[in-house]
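Right, one structure below, let's go through it.
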Amino acid sequence: MSTAPGRSQASSHRSPQGEGVPPPAPVLHDPNDTALVRTLGHAGLIPFVLLAALLWLVDAALQAWVAIALAAYAALIASFLGGVHWGIGWLASRHAAALAERPHHAQRNHFLWGIVPSLLAWPGVLMPPFAGLAWLGFVLVLSYLADRTLYTRAGLQAWLTLRFRLSAVAALSCFVGAGAL
């Protein structure tokens, strides 16, 4: 079995500290992968910005539809942000299993936190749009604040700058959209 360039197999990892030390979290080494992640992340902001702007521009008869669209998209993205933690948790558990270790408690934190953004976002879709959009903006900010700790513990702090920028624009779009109602 071969591995991708720049990556090692977890089962063959030998740490300078000795056996029992989990391998480092895999990172994207290919600049094309990093560019793709950044491009997709920025593209994901288009619906936020477009729908928030439309709330200020459309006729009152269309505002309700646009507000629901923005709230649904924000809730969808909040759920996605939680899902990222399931991926981190599964990957970390797999690395620990390859070393015949019991998964570390930190991986459980990713699984547990992973469901929180979805559960918090759900009421935001059910609330009146002006309140729901403000709530969803708060959920996006809260998700970023949690990720500052959890990403760092997982060795993924290099992504926090991008994560901050994306979260700031997404949350601001929700707040601006709520202000239009």
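Candidates V58, V27: the one that is open to solvent by less than 40 Å² (accessible area, probe 1.4 Å) and either at pLDDT 95 or above or among the hydrophobic types (A, V, I, L, M, F, W, C) (or both) is V58.
Pairs, please: C-beta under 6 Å, at least 6 apart or cross-chain, first residue open to solvent by less than 70 Å² (accessible area, probe 1.4 Å) and in segment 110-129, second not in a helix (DSSP H, G or I)? Listed pairs, sorted by first residue: P129/L181. Within segment 119-127, can one find any residue that is in a helix (DSSP H, G or I), at negative phi and under 11 Å from the mean Cα position of the chain (by Cα)? Checking segment 119-127: not a single residue is in a helix (DSSP H, G or I), at negative phi and under 11 Å from the mean Cα position of the chain (by Cα). Looking at R165, is it under 13 Å from the mean Cα position of the chain (by Cα), within 20 Å of Y73 (Cα to Cα) and in a helix (DSSP H, G or I)? Considered against the rule, which asks whether it is under 13 Å from the mean Cα position of the chain (by Cα), within 20 Å of Y73 (Cα to Cα) and in a helix (DSSP H, G or I), R165 comes out as yes. On the given criteria, is L45 modelled with pLDDT of 90 or more and under 24 Å from T149 (Cα atoms)? The answer is yes for L45. Among residues of segment 31-50 that are open to solvent by 50 Å² or more (accessible area, probe 1.4 Å), those with a beta-carbon under 8 Å from a residue that is in a helix (DSSP H, G or I) and modelled with pLDDT of 95 or more at least six positions away or on a different chain give the pairs V37/L162; R38/L162; H42/L166; V49/V169; V49/S173. Selection of segment 130-140 for residues being surrounded by fewer than 17 Cβ atoms within 10 Å (Cβ to Cβ) and within 19 Å of the chain's Cα centre (by Cα) yields only F138.
The values are calculated or read from the model by the stated rules, or taken from the named source; none is laboratory data. The shown structure was predicted, so the numbers you read here are calculated from the model rather than taken from an experiment. Cβ coordinates were reconstructed from backbone atoms using ideal geometry, including for glycine residues, and neighbour counts include every protein chain displayed. Surface accessibility is based on the protein's heavy atoms, side chains included, excluding ligands, DNA and RNA. Shrake-Rupley method; radii C 1.70, N 1.55, O 1.52, S 1.80 Å.
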